[in-house]
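The values are calculated or read from the model by the stated rules, or taken from the named source; none is laboratory data. Here the structure is a predicted model, which means the values were calculated and not measured. Backbone-built Cβ (ideal geometry, glycine too); neighbour counts: all protein chains shown.
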Amino acid sequence: MNKESIIRQLKRLSAENDLTFEDDVLRKAVELARFRVYPKGSVIKSIGDRADSVAIVLDGLVRGYYIDVDGNDITRGFGINGGLCMDEGVMGYEEYICVWEPIEESTLMLFNVKDFKSLIMSSEDLKTLWIQLLEEGLRYKMYRENGFLVENATERYLHFRRLFPMLCERVPQKHIATYLGITPESLSRIRKAMKEG
(Lines give C-alpha, C1' and ligand atoms only; values in the text may rest on other atoms or scores of the structure.)
Protein backbone atom coordinates (compact mmCIF):
# COMPACT_ATOMS: atom_id res chain seq x y z
CA MET A 1 0.00 0.00 0.00
CA ASN A 2 1.36 3.39 -0.87
CA LYS A 3 0.61 6.45 1.25
CA GLU A 4 -1.53 8.22 -1.33
CA SER A 5 -3.82 5.22 -1.78
CA ILE A 6 -4.17 4.93 2.01
CA ILE A 7 -5.07 8.63 2.23
CA ARG A 8 -7.70 8.13 -0.51
CA GLN A 9 -9.09 5.17 1.43
CA LEU A 10 -9.20 7.22 4.65
CA LYS A 11 -11.02 10.01 2.80
CA ARG A 12 -13.55 7.48 1.48
CA LEU A 13 -14.10 5.99 4.95
CA SER A 14 -14.42 9.51 6.38
CA ALA A 15 -17.00 10.48 3.75
CA GLU A 16 -18.98 7.29 4.43
CA ASN A 17 -19.15 8.38 8.07
CA ASP A 18 -19.95 12.04 7.25
CA LEU A 19 -16.54 13.26 8.40
CA THR A 20 -14.01 15.55 6.78
CA PHE A 21 -10.35 15.96 7.64
CA GLU A 22 -7.62 18.18 6.31
CA ASP A 23 -5.05 16.37 4.19
CA ASP A 24 -2.24 17.25 6.62
CA VAL A 25 -4.09 15.46 9.46
CA LEU A 26 -4.51 12.35 7.31
CA ARG A 27 -0.87 12.47 6.24
CA LYS A 28 0.25 12.74 9.87
CA ALA A 29 -1.96 9.77 10.78
CA VAL A 30 -0.46 7.70 7.97
CA GLU A 31 3.08 8.64 9.07
CA LEU A 32 2.39 7.51 12.65
CA ALA A 33 0.63 4.26 11.73
CA ARG A 34 1.70 0.76 10.87
CA PHE A 35 -0.42 -1.32 8.50
CA ARG A 36 -0.99 -5.03 8.72
CA VAL A 37 -3.23 -7.57 7.05
CA TYR A 38 -4.51 -10.29 9.40
CA PRO A 39 -5.85 -13.55 7.99
CA LYS A 40 -9.30 -14.75 9.02
CA GLY A 41 -9.23 -16.64 12.32
CA SER A 42 -5.81 -15.41 13.44
CA VAL A 43 -5.39 -13.74 16.83
CA ILE A 44 -4.55 -10.04 16.74
CA LYS A 45 -4.30 -9.57 20.51
CA SER A 46 -5.00 -11.83 23.49
CA ILE A 47 -6.30 -11.22 26.99
CA GLY A 48 -3.43 -10.00 29.14
CA ASP A 49 -1.31 -8.66 26.27
CA ARG A 50 0.02 -5.17 26.91
CA ALA A 51 -2.58 -2.66 25.63
CA ASP A 52 -0.13 -0.41 23.84
CA SER A 53 -1.82 -0.39 20.41
CA VAL A 54 -5.14 0.81 19.02
CA ALA A 55 -6.35 0.15 15.49
CA ILE A 56 -8.71 1.40 12.83
CA VAL A 57 -10.23 -1.27 10.60
CA LEU A 58 -9.48 -0.19 7.03
CA ASP A 59 -11.00 -3.27 5.46
CA GLY A 60 -12.58 -6.40 6.86
CA LEU A 61 -14.34 -7.31 10.08
CA VAL A 62 -12.93 -8.06 13.52
CA ARG A 63 -14.46 -9.31 16.74
CA GLY A 64 -13.56 -8.78 20.37
CA TYR A 65 -14.54 -11.53 22.78
CA TYR A 66 -14.19 -12.50 26.42
CA ILE A 67 -13.54 -15.98 27.79
CA ASP A 68 -15.87 -17.01 30.63
CA VAL A 69 -14.99 -19.31 33.56
CA ASP A 70 -16.10 -22.35 31.55
CA GLY A 71 -13.84 -21.46 28.62
CA ASN A 72 -16.65 -20.22 26.35
CA ASP A 73 -16.10 -17.16 24.22
CA ILE A 74 -18.62 -14.34 24.56
CA THR A 75 -18.67 -11.62 21.91
CA ARG A 76 -18.06 -8.12 23.24
CA GLY A 77 -18.48 -6.39 19.90
CA PHE A 78 -17.40 -6.01 16.30
CA GLY A 79 -15.07 -3.66 14.44
CA ILE A 80 -16.05 -2.79 10.88
CA ASN A 81 -14.60 -0.57 8.16
CA GLY A 82 -13.67 2.79 9.63
CA GLY A 83 -14.24 1.61 13.19
CA LEU A 84 -11.87 1.26 16.11
CA CYS A 85 -10.74 -2.00 17.60
CA MET A 86 -8.26 -2.93 20.32
CA ASP A 87 -9.35 0.25 22.12
CA GLU A 88 -8.58 -0.81 25.70
CA GLY A 89 -5.32 1.16 25.83
CA VAL A 90 -6.92 4.48 24.90
CA MET A 91 -9.53 3.84 27.61
CA GLY A 92 -6.85 3.51 30.27
CA TYR A 93 -6.40 -0.26 30.48
CA GLU A 94 -2.85 -1.54 30.74
CA GLU A 95 -3.76 -4.97 29.31
CA TYR A 96 -6.25 -6.16 26.72
CA ILE A 97 -9.35 -7.51 28.44
CA CYS A 98 -10.61 -9.46 25.46
CA VAL A 99 -9.26 -11.42 22.50
CA TRP A 100 -9.32 -9.63 19.13
CA GLU A 101 -9.65 -11.74 15.98
CA PRO A 102 -10.48 -11.11 12.33
CA ILE A 103 -13.72 -12.76 11.19
CA GLU A 104 -12.65 -11.95 7.63
CA GLU A 105 -9.22 -11.10 6.32
CA SER A 106 -8.75 -7.61 7.72
CA THR A 107 -6.42 -4.69 7.11
CA LEU A 108 -5.71 -2.68 10.24
CA MET A 109 -4.13 0.72 10.67
CA LEU A 110 -2.23 0.33 13.96
CA PHE A 111 -1.12 3.14 16.25
CA ASN A 112 0.88 3.29 19.43
CA VAL A 113 -1.63 4.46 22.08
CA LYS A 114 0.49 7.50 23.05
CA ASP A 115 0.90 8.53 19.41
CA PHE A 116 -2.83 8.06 18.82
CA LYS A 117 -3.73 10.30 21.77
CA SER A 118 -1.20 12.94 20.65
CA LEU A 119 -2.65 12.85 17.14
CA ILE A 120 -6.16 13.41 18.53
CA MET A 121 -4.99 16.40 20.58
CA SER A 122 -3.24 17.93 17.57
CA SER A 123 -6.44 18.67 15.64
CA GLU A 124 -9.76 20.27 16.55
CA ASP A 125 -11.44 18.00 13.98
CA LEU A 126 -9.97 14.92 15.65
CA LYS A 127 -10.92 16.17 19.13
CA THR A 128 -14.50 16.63 17.92
CA LEU A 129 -14.47 13.15 16.39
CA TRP A 130 -13.05 11.69 19.60
CA ILE A 131 -15.87 13.25 21.62
CA GLN A 132 -18.38 11.83 19.14
CA LEU A 133 -16.77 8.37 19.44
CA LEU A 134 -16.87 8.54 23.24
CA GLU A 135 -20.53 9.57 23.11
CA GLU A 136 -21.30 6.72 20.70
CA GLY A 137 -19.47 4.33 23.02
CA LEU A 138 -21.55 5.47 25.96
CA ARG A 139 -24.77 5.15 23.94
CA TYR A 140 -23.66 1.66 22.91
CA LYS A 141 -23.08 0.67 26.55
CA MET A 142 -26.50 2.05 27.48
CA TYR A 143 -28.11 0.15 24.58
CA ARG A 144 -26.44 -3.09 25.66
CA GLU A 145 -27.44 -2.62 29.30
CA ASN A 146 -31.02 -1.75 28.35
CA GLY A 147 -31.24 -4.79 26.09
CA PHE A 148 -30.17 -7.18 28.82
CA LEU A 149 -32.42 -5.58 31.43
CA VAL A 150 -35.70 -5.03 29.60
CA GLU A 151 -35.71 -6.86 26.25
CA ASN A 152 -36.27 -10.53 25.59
CA ALA A 153 -33.97 -12.42 23.22
CA THR A 154 -36.15 -11.77 20.15
CA GLU A 155 -36.26 -8.04 20.87
CA ARG A 156 -32.47 -7.95 21.34
CA TYR A 157 -32.03 -9.71 17.98
CA LEU A 158 -34.42 -7.31 16.20
CA HIS A 159 -32.60 -4.37 17.75
CA PHE A 160 -29.25 -5.84 16.60
CA ARG A 161 -30.62 -6.21 13.05
CA ARG A 162 -31.78 -2.58 13.03
CA LEU A 163 -28.49 -1.22 14.35
CA PHE A 164 -26.12 -3.50 12.44
CA PRO A 165 -27.84 -4.78 9.29
CA MET A 166 -24.52 -5.20 7.50
CA LEU A 167 -23.31 -7.65 10.17
CA CYS A 168 -26.24 -10.07 9.97
CA GLU A 169 -24.91 -11.71 6.80
CA ARG A 170 -21.19 -11.34 7.48
CA VAL A 171 -20.92 -12.57 11.07
CA PRO A 172 -21.32 -16.26 11.95
CA GLN A 173 -24.58 -16.79 13.84
CA LYS A 174 -22.75 -18.28 16.84
CA HIS A 175 -20.97 -14.94 17.38
CA ILE A 176 -24.21 -12.97 17.06
CA ALA A 177 -25.80 -15.34 19.60
CA THR A 178 -23.07 -14.81 22.20
CA TYR A 179 -23.24 -11.05 21.58
CA LEU A 180 -26.97 -11.23 22.37
CA GLY A 181 -26.41 -13.40 25.43
CA ILE A 182 -28.20 -16.45 24.05
CA THR A 183 -27.22 -19.84 22.68
CA PRO A 184 -26.83 -20.42 18.94
CA GLU A 185 -29.76 -22.84 19.17
CA SER A 186 -31.98 -20.12 20.64
CA LEU A 187 -30.96 -17.72 17.87
CA SER A 188 -31.75 -20.39 15.29
CA ARG A 189 -35.25 -20.80 16.79
CA ILE A 190 -35.78 -17.02 16.76
CA ARG A 191 -34.69 -16.77 13.13
CA LYS A 192 -36.85 -19.75 12.15
CA ALA A 193 -39.89 -18.16 13.86
CA MET A 194 -39.15 -15.00 11.85
CA LYS A 195 -38.74 -17.11 8.67
CA GLU A 196 -35.11 -16.09 8.19
CA GLY A 197 -33.80 -19.58 7.76
Just need a number here: residues in segment 5-57 that are among the charged types (D, E, K, R) and under 29 Å from Glu95 (Cβ atoms).
9
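Only one of Tyr65, Tyr93 is of a type in the set (Ser, Thr, Tyr), touching a residue at least 24 places away in the same chain (Cβ under 8 Å) and surrounded by 15 or more Cβ atoms within 10 Å (Cβ to Cβ); which?
On the way: Tyr93 fails: surrounded by 15 or more Cβ atoms within 10 Å (Cβ to Cβ).
Exactly one residue qualifies, and that residue is Tyr65.
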Would you mind finding the one in Leu110, Leu26, Leu10, Leu84 that is more than 18 Å from the chain's Cα centre (by Cα) and of a type in the set (A, V, I, L, M)?
Leu26
Per the list (1) in a loop (DSSP other than H, G, I, E, B); (2) modelled with pLDDT of 95 or more, residue check on Lys195 breaks on (2)
If Cys85 meets every condition in (1) under 29 Å from Arg27 (Cβ atoms); (2) loosely packed, with under 15 Cβ neighbours inside 10 Å; (3) touching a Gly at 6+ places or on another chain (Cβ under 6 Å); (4) not small (Gly, Ala, Ser) apart from one, which number is that one?
(2)
Selection count, segment 164-192, where residues are surrounded by 14 or more Cβ atoms within 10 Å (Cβ to Cβ), assigned to a helix (DSSP H, G or I), out of contact with any Gly (no Cβ under 9 Å at 6 or more places or on another chain) and of a type in the set (A, V, I, L, M, F, W, C):
6
Residue by residue through segment 20-62, note down the ones that are surrounded by 13 or more Cβ atoms within 10 Å (Cβ to Cβ), assigned to a helix (DSSP H, G or I) and not β-branched (Val, Ile, Thr).
Leu26, Arg27, Lys28, Ala29, Leu32
Segment 103-125 residues that are without any contact (Cβ under 8 Å) to a residue 60 or more places away in the chain, paired with ones that are among the basic types (Lys, Arg) (beta carbon under 6 Å, 6 or more apart)
none
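Enumerate the helices (runs of 4 or more DSSP H) found wholly within segment 64-163, keeping only those where 3 or more residues are closer than 26 Å to Phe21 by Cβ, at pLDDT below 95 and of a type outside the set (Asp, Glu). Explain how you work it out, then say what you get.
Working: elements: 113-121, 124-150, 153-163.
Once the helices (runs of 4 or more DSSP H) in segment 64-163 are filtered for at least 3 residues that are closer than 26 Å to Phe21 by Cβ, at pLDDT below 95 and of a type outside the set (Asp, Glu), what remains is 113-121, 124-150.
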Pull out all pairs, ordered by first then second residue, where Cβ-Cβ is under 6 Å, the residues are six or more apart or on different chains, the first lies in segment 171-194 and is in contact (Cβ under 8 Å) with a residue 60 or more places away in the chain, and the second is of a type in the set (A, V, I, L, M, F, W, C) and not in a loop (DSSP other than H, G, I, E, B).
Thr178/Ile74
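One line per residue, one yes/no per condition, for (1) more than 20 Å from Tyr66 (Cα to Cα); (2) touching a strand residue (DSSP E or B) at 6+ places or on another chain (Cβ under 9 Å):
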{"residue": "Phe164", "(1), (2)": "yes, yes"}
{"residue": "Glu169", "(1), (2)": "yes, no"}
{"residue": "Ala177", "(1), (2)": "no, yes"}
{"residue": "Gly181", "(1), (2)": "no, yes"}
{"residue": "Ile190", "(1), (2)": "yes, no"}
